[in-house]
Amino acid sequence: MNIGDMPDVKVRFEVQQPNIAPAWMIGARTHLLDCWEPQLEWIRMPELQFPRRDYWVSLDEAGHSAAPNTSWLRRSFRRQSRQPLELNVPYHDVRIHGPDNIALSILDGAMMSLACQNAARELGLADSVTAIISSQMAPFCVEVYRILGIPTRVTDRDVSGRRLQTNFDLVACMSLAGKLLPQSLVSELENGGEGLPKKLYLARRGSRAVQNSTDMETELMRAGFTTFFPEDHSVIDQFRHLWHAETIFGLHGAGLAALLLRAAMPNPRPVQLIEVFGPGYIVTLYRHLIATIGGQWVGIRGRVTPEVVHNLDHKQGQGLLHKVIAKLPGPAALRFLFQEPQWQRTHQSSSFAVDPASIRAAFDVLNGEALEPHSRPISFAERIC
């Protein structure tokens, strides 16, 4: 890192650009691969590379941070109380990152706040930076900041003072997590880990329900997995379970974000993640995260339906605004100012079916027994037809 020249004070961060190795995504058995006997889809996910960028934290000595306009009532209140909150400590505003998503609190808000703390120490300002949070932030998201040693201030007003900002995106937040996370976290997560399950099924309620959950859970019980609903446990208990697990089977969701905390391990322990997706909403976030902490990733895709194909590959109502936004530089937070077209998230929370055979195939990959799809003998009737 190096400090830029005054008056535009910046602390720059050297980020090792990750290369995400090729991986398998395993889909449900389908007759589209074999008219005689349905076969699993083995989809080879290519290597991912990220463009090189400059990452920095900047200091504005007379900074001003506007409160998000969350409702008509709050906008009316702001008009009646225009006087901003004056702070005499360095601060970082995390109110843009969403008030009730623990993944955004861990991967975006908290990591950026820790980067601002790092920069403040380098600039000789303070040992800590206050994160400005909204009164609407869920208690479990506030708890993330407490566990990571980030002081917070709750306000829905504008804020003025020494403002620190970053241009970090998820690449920077994940790549630098090992350097930014406090070492006090290690002892807190190591303590109380005795007897926690090594094979963890991170289950979900509500959205993204698995239609044939009984079939899926039968396979997992047979393999020795323990079912774990994050919302039934404290935040620190959630973190401990993901810290100590060796193999995790999880439906894609915010509960997996705490895996990033393993970047703080002084002697990293390998971890395996089988991530299950509904066929209409597949993203690379946790594949990237697992590569960052030195783990192994396998994906399972639920059974594809005609509705998914129609809505994602045919009903693409993307207009000029989307095409312009797609080319914008800057952090992922921009997507919260300009939401993606609805068709991209049509099936974000849809239920889906999982083929038990795809689960068994994913276990084979993790056990090193399937570096490529298994061959199979075919009958004489198949050969001549």
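The values are calculated or read from the model by the stated rules, or taken from the named source; none is laboratory data. The model shown is predicted, which means the values in this text are computed figures rather than measured ones. Note that we place each Cβ from the backbone using ideal geometry, even for glycine, and neighbour counts take in every protein chain shown. Side chains are part of the model used for accessible areas, which takes the heavy atoms of the whole protein and leaves out ligands, DNA and RNA. Shrake-Rupley method; radii C 1.70, N 1.55, O 1.52, S 1.80 Å.
Ignoring ligands, DNA and RNA, what percent of the accessible area of region 181-282 is carbon or sulfur (1.4 Å)? Carbon and sulfur atoms account for 49 percent of the accessible area of region 181-282. The slack in the chain from residue 179 to residue 121, taken as 0.36 nm per residue of separation less the alpha-carbon distance, amounts to 19.5 nm.
Close amide-amide hydrogen proximity is noted between residue 227 and 201, each under 5 Å apart and 5 or more residues distant or on a separate chain (H modeled in the peptide plane; Pro and chain starts excluded). Among 351-363, 99-111, sorting by the average number of other beta carbon atoms lying within 10 angstrom of each residue, highest first, gives 99-111, 351-363. A 1.4 Å probe run over the protein chains yields, for region 148-198, 41 Å² of accessible area per residue, whole-number rounding. A simple spin-label model places the labels of residue 229 and residue 376 3.6 nm from each other, with each point 7 Å out along Cα-to-Cβ.
Given a 1.4 Å probe and the protein chains as shown, residue 188 ends up with an accessible area of around 60 Å². The charge dipole of region 197-295, taken about its Cα centre with unit charges on the Cβ atoms of Lys, Arg (+1), Asp and Glu (-1) only, comes to about 220 debye.
The phi-based Karplus calculation (6.51 cos²θ - 1.76 cosθ + 1.60; θ = phi - 60°) puts the 3J(HN,Hα) values of region 105-118 at 5, 7, 7, 9, x, 5, 5, 5, 5, 5, 5, 5, 4, 4 Hz, whole numbers, x for Gly and Pro. Within the shell of other residues whose beta carbon sits under 13 angstrom from the beta carbon of residue 192, the net charge comes to -3, with Lys and Arg scored +1 and Asp and Glu -1. The convex hull of the Cα atoms of region 138-283, projected and averaged over all directions, covers 11.2 nm².
Subtracting the Cα-Cα distance of residue 34 and residue 138 from their residue separation scaled by 0.36 nm leaves 32.5 nm. Considering only 152, 138, 225, the residue lying farthest towards the positive end of the dipole of region 116-248 is 152, judged by Cα position with unit charges set on Cβ. Starting from the amide H of residue 9, placed 1.01 Å from N in the peptide plane, find each other amide H under 5 Å away whose residue is 5 or more places distant or on another chain. Residues meeting the criterion, in which the H sits 1.01 Å from N, are 59. Sorted on the mean count of surrounding Cβ atoms within 10 Å across their residues, most packed first, peptides 201-211, 255-265 read 255-265, 201-211. Using a basic spin-label model with each label point 7 Å from the Cα along Cα→Cβ, how many nm lie between residue 351 and residue 14? Calculated label separation equals 5.3 nm. Once Rg and the Kirkwood radius are both taken over the C-alpha atoms of region 128-191, their ratio Rg/Rh works out to 0.99.
Oblate is the label for region 225-295, because a/c, from the alpha-carbon gyration tensor with a ≥ b ≥ c as root eigenvalues, is 1.5 or above and a/b does not exceed b/c. May I have the pair-distance distribution P(r) for region 89-215, computed from all Cα-Cα distances with 10 Å bins from 0 and rounded to whole percent? Whole-percent P(r) values from 0 Å outward: 11, 36, 31, 15, 5, 1.
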